[in-house]
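Everything on this sheet refers to the single structure shown next.
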Amino acid sequence: MDLAQSLKIALNALRVNKMRAVLTMLGIIIGIASVIAMVAIGAGAENIISQEISSMGSNLILVIPGSTKTGGVQMGPGAMPTLTTSDGEAIKANCPSVEASAPNIRVMSQIVYANQNWSTQVTGANADFLVARDWPIVSGRNFTKSDVDGATKNCIIGKTIVKELFGSSADPVGKIVRIKKVPFRVIGVLKKKGQSAQGVDQDDMVLIPITTAQRKVFGNPFPNAVGAIIVKARNKNAISRAESEITALLRQRHHIGAKKDDDFTVKNLSEILAVATNSSRTMSLLLATVASISLLVGGIGIMNIMLVSVTERTREIGIRMAIGAREEDILLQFLTEAVLLTLLGGLIGIGLGVAGATVVSKIFSWPILVSVKAVAVAVVFSACVGIFFGFYPARKASSLNPIDALRYE
């Protein structure tokens, strides 16, 4: 008997016992659906983190004010402005492993054009800010040294600002906008970056020269103080050296003794995001492993049902052997039934898994990524489960004695 005949007999057997077949496949369906859904959701999370890494820039180091003591009281990180514009310039000039250094300060403010206004994040920065963030300009130009040194009233805006104030198709370069009643000329438009992993619109931002922000717009009781310094290392291998160079330089500039704590914090953003990626991958693997238990339970269920089927069809097996069926024919027949059960369950599970992941995506606005590889693995795994758990019942059926099988009541 060939495979086609075995498949036909298996389909007839499943058609006769539809409800039992569905209940037998239930464990496989749940297991495959859970694995596909969890892998899709986990892959979506990894994709978000990858996009976050790309949107932030590469080889980034963040320097922020650290803890300080005031009147004997330990203040939290960032409580006191311990970093200045000069620190950022010194990092660029004296740290060989650093490609760009961008001291910056940020404030939420209204930006006005004609009769339109929009509340946005206004960032005071230098020309290195866009270099560090790997953020190209699609229209106009970046700041120059003279913009920063002269505290000019020029600004660069993101795509969201263009849309809200000028309309999506307009070119705002050369137009005059007002920030805190101060007129600024738009000299550049940033390329669209989209939302960050936290759901923040990165294009909803206005850049102005940091000196202009400090002297003419924000006002600051601490002259030249900045909220953070974004540093870009020359390459991935230079990040650790850049961290060491920055730490040594700032300790020297801030006159910090050998036994005293830093009044700043240096963070390697690549490491932070790598940890987040690994955590996401580990969680996805854990969830998929838990879901795989359903596959094991489903496989055991298939083995039990197939054993029951062998018992119920003992006389049928005896008749087939009596008219010439070989042991391998009986083995192939029951093994085909088991594999067919798991494959059908796997295909239904894949459909339900994709549908479930899509529902989660719609409800929680969480992106998913259905992997063709994961689907292929699920199909192959389903077949393997059928072969593994179906072999014993099939072997038992094929090893029956024809005389005993015919006498079975």
Suppose R0 equals 56 Å; then what is the FRET efficiency for K175 and L286 from their Cβ-Cβ distance, rounded to the nearest 0.05? 0.60
Lysines within cross-link reach of K163: Cα-Cα under 17 Å, excluding same-chain residues under 8 positions apart? K175, K191, K192, K193
Assuming 0.36 nm per residue, please report the length gained on full extension of the stretch S196 to K236 beyond their Cα-Cα distance. 12.2 nm
For a protection proxy built on the mean count of beta-carbon atoms within 10 angstrom, sort 173-184, 23-34 highest first, please. 23-34, 173-184
Shape of region 99-211, Cα gyration tensor, a/c cut at 1.5: rounded
If r is the Cβ-Cβ distance from S86 to F364 and R0 is 41 Å, what FRET efficiency results, to the nearest 0.05? 0.35
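Per residue, how much accessible area does region 89-176 show when a 1.4 Å probe rolls over the protein heavy atoms, in square angstrom? Walk me through the intermediate numbers first.
Values: 3910 Å² over 88 residues.
Here the per-residue accessible area is 44 Å².
For a Förster distance of 51 Å, can you work out the FRET efficiency between the beta-carbons of R141 and K373, rounded to the nearest 0.05? The partial results should precede the final answer.
Details: r = 45 Å, r/R0 = 0.87.
Result of the calculation: an efficiency of 0.70.
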Testing the spin-label approximation: label points 7 Å from Cα along Cα→Cβ at A4 and V380. State their distance in nm. 2.8
Pulled fully out, how much extra length does the chain show between S58 and D261, if you take 0.36 nm times their separation in residues and subtract their Cα-Cα distance? 70.2 nm
Taking 7 Å along the Cα-to-C-beta vector as the label spot, tell me the F388-S244 distance in nanometres, rounded to one decimal. 4.9
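The values are calculated or read from the model by the stated rules, or taken from the named source; none is laboratory data. None of the values given here were measured: they were computed from a predicted structure. When we count neighbours, we look across all protein chains shown, and the Cβ atoms used for this are built from the backbone with ideal geometry, even at glycine. In case anyone asks, the SASA skips ligands and DNA or RNA and just uses the protein heavy atoms, side chains included. Shrake-Rupley method; radii C 1.70, N 1.55, O 1.52, S 1.80 Å.
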